[in-house]
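For reference, the structure is listed below as structure tokens.
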Amino acid sequence: MTHTEDIETIEKVLKGDTEAFSEIIKKYQNMIFRYVYSKFYNYDEAQDITQDIFIMAIEALNSFRRESKFSTWLYSIMVNYCKNYHKKSRRYNTIPINIARGEDEYELQLPDERQKPEDEIINSDSLRIVKEEIDKLPDDYREILLMRDIEGMSYNEISQLLKINLSNVKVRIHRGREFLKNRLFSRGLI
Amino acid sequence: MSDSHIIFSQMSDFFDDQIHEEEERLYISDHLNCCEECNSEFIRLKKTITLVSMLRNEEYNLPGLSLRSVTIAKSRSKKRTFLKAVPAMAAALVIAGIFAIQTDIFRGRGEVAKNLESRNLTIPDKTGPELVVKMISNLKGKVLEVADQYVEGEIEYHKFIRLSRELENSGFYKIKYRIVADSDPMSRHLNSGTRHKLMQNIEEVGAGDIPLQSDGNKVMDPSKQSVRFRVYK
Ligand SMILES: [Zn+2]
């Protein structure tokens, strides 16, 4: 679906054909989910949030000004939503596991490893390592590499979305890439 | 410009075509051609970016996402229409049903929906579960279960205080609750047995009592907590 097709679909939705929005969701769900998951690291929760973001987009569709790309507009809704999502940010979701030991029972807190999205799709070892290392990046760097090197956004778009100036965008991109490059090098991948 | 090595930030800018001075651009490109050390570094940068960009093709398993989102958006807009059209009390009863169905069916649970569907045929009791579901939904809480004796839900701490007041005013005399550290996503992974165990920790209090701190000496920031609760008639 091109930009023009996005606009056509949006026209339909605004005229009352809400179902037409399904096309938009299918097109952008991976992009939205990827970002949300990278913020919260919980598969179920990221699905719920992704859903909320699309609902919010449908409800706010009137405010979409056609001079910007729809994807950028949607992305800005998502970035704001995630920023305001009140939750203690934590890297791992802990699940209590009861271990029976004679009469005693005690709880172990373990990271939730069960439903990582990469298990679904990426089998390639090198991409798995890339994902592991991206996950270890400081939040700001991970976010910006996702925008720049995965979603292919321009420096200007990123600057507007993150509300930081262009030189800060550059600095974050440099540092994120350098950080990651060093990690991938040390793991023998590049 | 001296013949010093190219620093990483320059390479990164060069790669993204962010070097705006012609002279600098030429220098970098010449240097990369003749300096093995910088050239290898530049190749590592390009490989890194290539690997990262491959993640763009990743697809996630998100079953039913578009259908759910669209359906919920539609039912919400219906709700707004209703609110304009019908007197408040009648609307509340209808909306309670819509809310409950959307909160539950679409999150993969069916109990609330089933319960409410069977009740739709009768005139709902003013103090029935529909009202509780509506109150919870209005405060943006989650409805987790509607059973014969209670409605179970989860809500942010500060909203719980308001909810318990509203419930008290509506004649619900008992709420059991437990403060959880956050919105408790773990509950979804638990089977019913484990979940039952979890509920045993819920303290029993009257609706008018407001929780102050969680257990023990730990003083947690209340704004970051959620409350799991059951409302009994
Ligand atoms: Zn050099």
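Estimated at the nearest 10 Å², the accessible area of residue A:174 is 20 Å² with a 1.4 Å probe. Site pair residue A:15 and residue B:18 shows an inter-label distance of 4.3 nm when each label is modelled 7 Å from Cα along Cα→Cβ. Listed values for region B:25-31 are Karplus-derived 3J(HN,Hα) couplings in whole Hz (6.51 cos²θ - 1.76 cosθ + 1.60, θ = phi - 60°), namely 4, 5, 4, 4, 5, 4, 5, and x replaces Gly and Pro. Note on region A:124-190: Cα convex hull, mean projected area over all directions, 4.3 nm².
Couplings 3J(HN,Hα) of region A:142-150, computed from phi: 4, 4, 6, 5, 4, 5, 7, 8, 9 Hz, in residue order, whole Hz [Karplus 6.51 cos²θ - 1.76 cosθ + 1.60, θ = phi - 60°; x for Gly and Pro].
Label-to-label distance for residue A:128 and residue A:52 is 3.3 nm, based on points extended 7 Å past Cα in the beta-carbon direction.
Per residue in region B:8-37, which ones lose no less than 10 Å² of accessible surface when going from chain alone to all protein chains (1.4 Å probe)? For region B:8-37, once contacts with the other chains are taken into account, B:8, B:9, B:12, B:13, B:16, B:18 lose 10 Å² or more. Pairs exceeding a 27 Å alpha-carbon distance, out of A:69/A:136; B:142/B:233; B:74/B:174; B:74/B:134; A:136/A:170: A:69/A:136; B:74/B:174.
Buried area at the B:A interface is about 5200 square angstrom, summed over both chains, from accessible surfaces computed with a 1.4 angstrom probe. When every Cα-Cα distance of region B:8-54 is counted in 5 angstrom steps from zero, the calculated P(r) takes the values 5, 22, 31, 23, 13, 5, 1 percent.
Separation of the alpha carbons by more than 28 angstrom is noted, of A:27/A:181; A:131/B:159; A:27/A:83; A:83/B:140, for A:27/A:181; A:131/B:159.
For the pair residue A:62 and residue A:164 in one chain, pulling the backbone fully straight at 0.36 nm per residue adds 34.1 nm over the alpha carbon distance. Taken residue by residue and averaged, Cβ atoms of other chains lying within 10 Å of the Cβ of A:174-182 number 6. Applying 1/(1 + (r/R0)^6) with r as the Cβ-Cβ distance of residue A:69 and residue B:149 and R0 = 35 angstrom yields a FRET efficiency of 0.10. Between the amide H of residue B:144 and those of B:152, B:153, B:154, distances stay under 5 Å, these residues lying 5 or more places away or on another chain, with hydrogens modeled in the peptide plane. Peptide A:14-25 shows a mean partner chain C-beta count of 3 within 10 Å per residue C-beta.
The values are calculated or read from the model by the stated rules, or taken from the named source; none is laboratory data. Given the structure is predicted, the values throughout are model-derived calculations rather than measurements. Methodologically, a virtual Cβ is constructed for each residue, glycine included, from the backbone with ideal geometry; neighbour enumeration extends over all protein chains shown. These area figures cover heavy atoms from the full protein model, side chains too; ligands, DNA and RNA do not enter into them. Shrake-Rupley method; radii C 1.70, N 1.55, O 1.52, S 1.80 Å.
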